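The values are calculated or read from the model by the stated rules, or taken from the named source; none is laboratory data. Note that the structure is predicted; figures quoted are calculated from it, not measured. In this analysis, Cβ positions are derived from the backbone assuming ideal geometry, glycine residues included, and neighbour counts consider all displayed protein chains. Please note that ligands, DNA and RNA were not included when accessible areas were found on the heavy atoms of the full protein model with its side chains. Shrake-Rupley method; radii C 1.70, N 1.55, O 1.52, S 1.80 Å.
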Amino acid sequence: MLEIKNITVKTTDDNKLILDKFSLTIPKGEIHVIMGPNGVGKSTLSKVIMGNYKYKVTKGDILFKKKSILDKSTEERAKLGLFVTMQDPMAIDGVKLSEFLKTALREKEGDVNLYDFINSLDDAAHDLKMDPSMLHRSLNKSFSGGERKKSEVLQLKVLKPEFIILDELDSGLDIDSLKLVCKNINDYLKENSDTAVLIITHYPRILEYIKPDRVHILLDGQIKKSGDRKLAEEIESSGYLSINEVEEAKNYE
Amino acid sequence: MNRILIDKDQFIALKKDSELTIKNDSVLTLVIEENIDLVFNIEKVKTDIYVYAVDKSLSVTINANKEKSICNFYYSNINYDDNKYQINVYHKAPKSEVNLYNHGVNVENNKLLYDVTSKVPKDNKECITNQDNRIINIKDGKSTIRPILLIDNYDISSSHSAYIGKFDDDVMFYLTSRGISVSKAYELLLKGFLVHADPEGITEFMDELSKI
Ligand SMILES: Nc1ncnc2c1ncn2[C@@H]1O[C@H](COP(=O)(O)OP(=O)(O)OP(=O)(O)O)[C@@H](O)[C@H]1O
Ligand SMILES: [Mg+2]
């Protein structure tokens, strides 16, 4: 579903190299994980996939459903079905969560039945145990850290993307909320079994709830090691220094 | 000068200099149709004032005459030509609170000046006076904000923020990353920036907003 082929990513401003000959393939219906130390470029990868203006791909290609998306705008990529729950979702003053989502859904699907929309929004808020009043507050404004993460997942449930990146979804969520949010995502994946997921995390705990097919370690701009869930536990116990640099990343097709 | 007594929620289009005396808790919506001077006398406890203008210069005086009164004043303006906005707030009673939300959009390469003064004299204790002054330049308009707090007291709570600039690129990224087009994203942001209450009744202003 998503094929990242040998990309080199630099910052637009000052040409800082962040990803170097990075490759990763995620087939439809699979759940992959990227782990890696702070500042290694995990969030950058998610932003590059969404076409963020701060980064440029100077080499390589990104294919979604076999077509290059590099010349597509952020809006177009979202309409194709790509979605990132952001590590630090921004607050937007004056724009209500409900109105924002209605606009996004309208843009995607044309006409939106207001009654159905409100129902689906209320249901999603209920599933996530979000206070319904949050729907009518400015987007993420004075939401707590955990509430922001829930608001990201609420958006996902309403907009129904086909490829989902969860960038540190587990940071900011208490243990019960994490379980609940993961249950929501699992339910979504059951209903939409072709959906592929990329989880970015520092902790194996989230992987107890959302079972991954592959785990990749990002170091020095590239995937340095891939394996199954056990790899996440190895990292948890011995850190990244133990990664054998000689071992080449194998891409999982 | 036009004298108007306000004793209930009202919607008024104004063409002439006016003095408005608020005699009851109320929500006041004003549409400014000429370059005029306005004086507000706050005589009651809770007043929300929404003022909308397209390409006007405006001069405002707010007299907070009532003890423990709260006045929220929202000035939303869209500008294509050079315009000036001057507002003076006088806390004439102790424990009075005035919150200003001055939000302007500069569409062309025009000049916009905000002169915003809040004044609390020595004998009026425990007043609250806040200013939120923001101007968004769509192009490269030249804008100036002069926030002035004249406070002769120690037990006053006050804050002011002044922002001149464009909509944040990261905000645009967030909105478009959900499939919203750039023009729709602008519309959402402009509405959030300029419309703080039910947009019913200000259809002309909403039309102007969607033209930006
Ligand atoms: N716009 C930018 N300009 C300059 N440097 C940047 C920019 N964006 C990211 N970087 C740098 O690129 C590196 C990767 O950042 P990124 O946010 O992708 O890290 P991360 O792997 O997500 O880290 P964390 O685990 O802490 O979230 C960091 O060193 C960061 O400072
Ligand atoms: Mg990150």
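What to note about this one:
- Rounded if a/c under 1.5, otherwise prolate or oblate - segment A:86-133, Cα gyration tensor axes: oblate
- Within segment A:110-138, backbone nitrogen closer than 14 Å to the virtual label 7 Å beyond the Cα of B:Glu200 toward Cβ: none
- Residue order for A:Asp167, B:Asp81, A:Asp111 - accessible surface, 1.4 angstrom probe, largest first: A:Asp111, B:Asp81, A:Asp167
- Segment A:1-74: chymotrypsin sites (Phe, Trp or Tyr not before Pro) in DSSP coil with no more than 15 other Cβ atoms inside 10 Å: A:Tyr53
- In chain A, helices alone account for a calculated mean residue ellipticity at 222 nm of -10500 deg cm²/dmol, with every DSSP H run of four or more residues adding -39,500 (n - 2.57).
- Prolate/oblate/rounded call for segment B:2-166, Cα gyration tensor, a/c under 1.5 rounded: oblate
- Taking the C-alpha atoms only, the angle from helix A:145-159 to the longest principal axis of chain A is near 80 degrees.
- Accessible area in square angstrom per residue, segment B:2-166, 1.4 angstrom probe: 44
- Selection from B:Ile151, B:Asn77, B:Ile87, by position along the positive dipole direction of segment B:2-166 (Cβ): B:Ile151
- In terms of the mean number of neighbouring beta-carbon atoms within 10 Å, the peptides A:125-136, A:77-88 order highest first as A:77-88, A:125-136.
- Packing-based order for B:153-166, B:50-63, B:184-197, using average beta carbon neighbours within 10 Å, highest first: B:50-63, B:184-197, B:153-166
- Out-of-range pairs (alpha-carbon distance over 31 Å; input B:Lys16/B:Lys184; B:Lys8/B:Lys68; B:Lys23/B:Lys184; A:Lys54/B:Lys139): B:Lys16/B:Lys184; B:Lys23/B:Lys184
- Over chain B: helical MRE at 222 nm, DSSP H runs n ≥ 4 each giving -39500 (n - 2.57), nearest 500: -4000 deg cm²/dmol
- Helix A:97-109 and the longest principal axis of the C-alpha atoms of chain A enclose an angle of approximately 70°.
- The contact residues of segment A:93-109, meaning those that lose at least 20 Å² of 1.4 Å-probe accessible area when all protein chains sit together rather than their chain alone, are A:Asp93, A:Gly94, A:Val95, A:Glu99, A:Phe100, A:Thr103, A:Ala104, A:Glu107.
- Centroid-to-centroid separation of segment B:30-77 and segment A:13-36 [C-alpha atoms, Å]: 54
- In order along segment B:71-82, the phi-based Karplus estimate (6.51 cos²θ - 1.76 cosθ + 1.60, θ = phi - 60°) of 3J(HN,Hα) comes to 10, 9, 10, 10, 10, 10, 9, 10, 10, 10, 9, 5 Hz; Gly and Pro are listed as x.
- For segment A:34-93: rounded, prolate or oblate by the Cα gyration tensor [a/c cutoff 1.5]: oblate
- Accessible area buried by the pairing of A and B, both sides summed with a 1.4 Å probe, works out to roughly 2100 Å².
- The largest-to-smallest principal axis extents of the Cα set in segment A:2-252 are 57, 39, 33 Å.
- For segment A:15-55, the fraction of C-alpha pairs more than 12 angstrom apart is 69%.
- If you take all other residues with their beta carbon under 15 Å from the beta carbon of A:Phe143, and give Lys and Arg +1 and Asp and Glu -1, the sum is +1.
- Per the Debye calculation on the protein assembly as shown with a single equal scatterer at every Cα and no solvent contribution, log₁₀ I(q)/I(0) for q = 0.07 Å⁻¹ amounts to -0.47.
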